[in-house]
Amino acid sequence: MHTNFLRQSVDLAVATIRDTDLARYDDPSPCAEYAVRDVVNHLAFGFLLARLSGTREPWDPSWTAADRTPYLVGLPEDKWAQACADEAEAAAGAWADPAAWEGESSMGGGPMPAAAIGSMLTAEFAVHAWDLAVATGRTVDVPDELGAVVLEGVLAMAPSGRDGGWFGAEVTAPADAPAFERALAASGRDPRWTP
């Protein structure tokens, strides 16, 4: 169970969103076809899914990740960081309960082991924090232990990610590269990407 790592990953993503200049929202990101604004929205949607999967609450089947995250609709972009922080806090709180990691839950599809969802979310938030940072000329500091947990999560979802088209082809990273760099490469990202 990686409760504290999920919290670290959420905090990393929230800090990166808070420090993102709104003037950069139209800039490209390492995620194909995603501008910086879209990465922020994607993280916002992830926080919502994380909260609902952690608390086992149903979610509205009309929501799709292609749309604006429901709690951002109609909200000025200068209020997005706080809205994301509030939702992220609720999500991290839900997953802080060891019971959230037990049994099965869902992220809008069929039931899955809750521990696998928690692992995926941990990887998702850290990797997209990196996307957001490098898209705007920054870096993220991912501690080695968190990097190892992110790598574990990325490797677990990489085959379905590539099949589903939400991961690119694996990039080669040196075997001795830090775990987080290997996670980025396994997710189809070039760890040396620049805008």
Under a crude label model (7 Å from the Cα following the beta-carbon direction), how far is GLU152 from ASN4 in nanometres?
1.3 nm
Name the GluC sites (Glu not before Pro) in region 1-88 that are in a loop by DSSP and that have at most 15 other C-beta atoms within 10 Å, would you?
GLU33
Give me the one-decimal Kirkwood hydrodynamic radius in Å for region 136-187, with the sum taken over alpha-carbon pairs.
11.5 Å
Taking the dipole about the Cα centre of region 83-171, with the C-beta of Lys and Arg at +1 and of Asp and Glu at -1, give me whichever of ALA114, ALA83, VAL134 is farthest to the positive side.
VAL134
Answer in debye to the nearest 20: the dipole magnitude of region 3-150 about its Cα centre, from +1 Lys/Arg and -1 Asp/Glu charges placed on Cβ, is 100 debye
Sorted by Cβ density within 10 Å, fewest first, the residues PHE125, PHE45:
PHE45, PHE125
Relative contact order of region 40-195, please, whole-number percent, based on alpha carbon pairs below 8 angstrom and at least 6 residues apart.
19 percent
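Of the listed peptides 139-145, 92-98, what is their order by residue-averaged count of other C-beta atoms within 10 Å, with the highest listed first?
The packing order, highest mean first, is 92-98, 139-145.
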The exposure ranking of VAL134, VAL40, fewest beta-carbon neighbours within 10 Å first, is VAL134, VAL40
Shape verdict for region 18-115, please, from the Cα gyration tensor: rounded (a/c under 1.5), prolate (a/b greater than b/c) or oblate.
prolate
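Kindly rank 111-121, 46-56, 162-172 from highest to lowest mean number of other beta carbons found within 10 Å of each residue. Could the numbers behind the result be given before it?
Details: 111-121: 18.8, 46-56: 22.0, 162-172: 12.4.
Order by mean packing, descending: 46-56, 111-121, 162-172.
Values in this text are rule-based calculations from the coordinates and carry no lab data. The shown structure was predicted, so the numbers you read here are calculated from the model rather than taken from an experiment. Counting neighbours? That spans all protein chains shown, and the Cβs are built from the backbone with ideal geometry, glycine included.
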